[in-house]
1. Could you give the length gained by full extension between Leu30 and Ala16, i.e. 0.36 nm per residue of separation minus their alpha carbon distance, to one decimal place?
2. As an exercise, use a Förster radius of 30 Å and the Cβ-Cβ distance of Ile88 and Asp67 to find the FRET efficiency, rounded to the nearest 0.05.
3. 7 Å from Cα along Cα→Cβ at both Lys77 and Ala198: what's the point-to-point distance in nm?
4. What is the percent carbon and sulfur in the accessible area of region 1-83, measuring with a 1.4 Å probe over the protein chains and ignoring ligands?
Amino acid sequence: MKFDDIKKLHQKKYRAEFGHFLVEGEHLVLELQKAAAHNPQLQRAALYVTETHARWESPFRTHVISDRQMAQIADTKTPQGIVALVPIPDTSVEPSDTGRAVYLHEIQDPGNLGTILRTLSWFGGFRCLLSPGSVDPYNPKVVRASMGAIFHAPLELDVPLASLADRFTRIACLDMQGEPLHSSDFGACDCYLFGNEARGVPRDQLGALGAQSVHDPRERCHRVIESGRDGQHVCV
């Protein structure tokens with residue numbers, strides 16, 4: 001890729017056009033290298049370093065550039081002198097119905113998404129599903145906030161909310177008005193749905209999922225959602 005094109009990757013439209021994003025800093029590059037050992041797509045990454053990192057050990061093709069050039073491609077005010085050009089993984093494969101998932105509906109804050117990816121990576125066994133209209137996970141702020149978890153937490157992009165009912169048996173919608181949950185039924189769900197930071201999840205779309213809000217006579221939680229193919233009751 002031409003250097004002038006690399007400079008454009010701070011903008012979403014060019015990340016989509018060129019199919020690459022940037023990773024900056026020693027820690028993130030180390031996490032990238034760990035992930036690349038098991039992911040052939042990531043092995044096509046390239047490294048751009050200044051003289052201070054010219055001896056950096058990496059499996060990637062490495063280019064030594066000037067401090068001025070580094071400042072042009074780095075997103076931080078004080079560049080560390082090491083940036084990786086990373087191909088955006090192909091997510092067009094068939095979605096997985098195995099394992100558990102967290103679905104984020106129109107999440108907007110890059111820091112929130114990065115933190116969630118970091119949490120999912122730590123726990124393991126979760127996929128992260130993003131609805132249409134969500135923040136770009138390859139935004140530099142998301143990548144930094146994830147602290148490398150973006151390479152380890154499986155991602156699916158532009159997943160319609162309505163598709164969840166066909167993929168998951170038990171869906172829990174997490175509600176800001178709900179009380180703390182300790183139900184074993186809640187812990188047994190296979191998809192957890194989080195809404196937009198300001199608007200939550202549209203109730204009409206929850207209805208299209210087959211979700212129904214009812215009163216819990218045990219008063220162990222604020223409300224109960226009946227959702228999924230087997231009609232499981234889930235506290236939220």
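1. Result: 2.6 nm gained on full extension.
2. 0.65
3. A separation of 2.7 nm, rounded to one decimal place.
4. 48 percent
The values are calculated or read from the model by the stated rules, or taken from the named source; none is laboratory data. This structure is a prediction, so every number in the text was calculated from the model and none was measured. As a convention, Cβ positions derive from the backbone with ideal geometry for all residues, glycine included, and neighbour counts pool all protein chains shown. The protein model used for the area step is the full one, side chains on, heavy atoms only, and it has no ligands, DNA or RNA in it. Shrake-Rupley method; radii C 1.70, N 1.55, O 1.52, S 1.80 Å.
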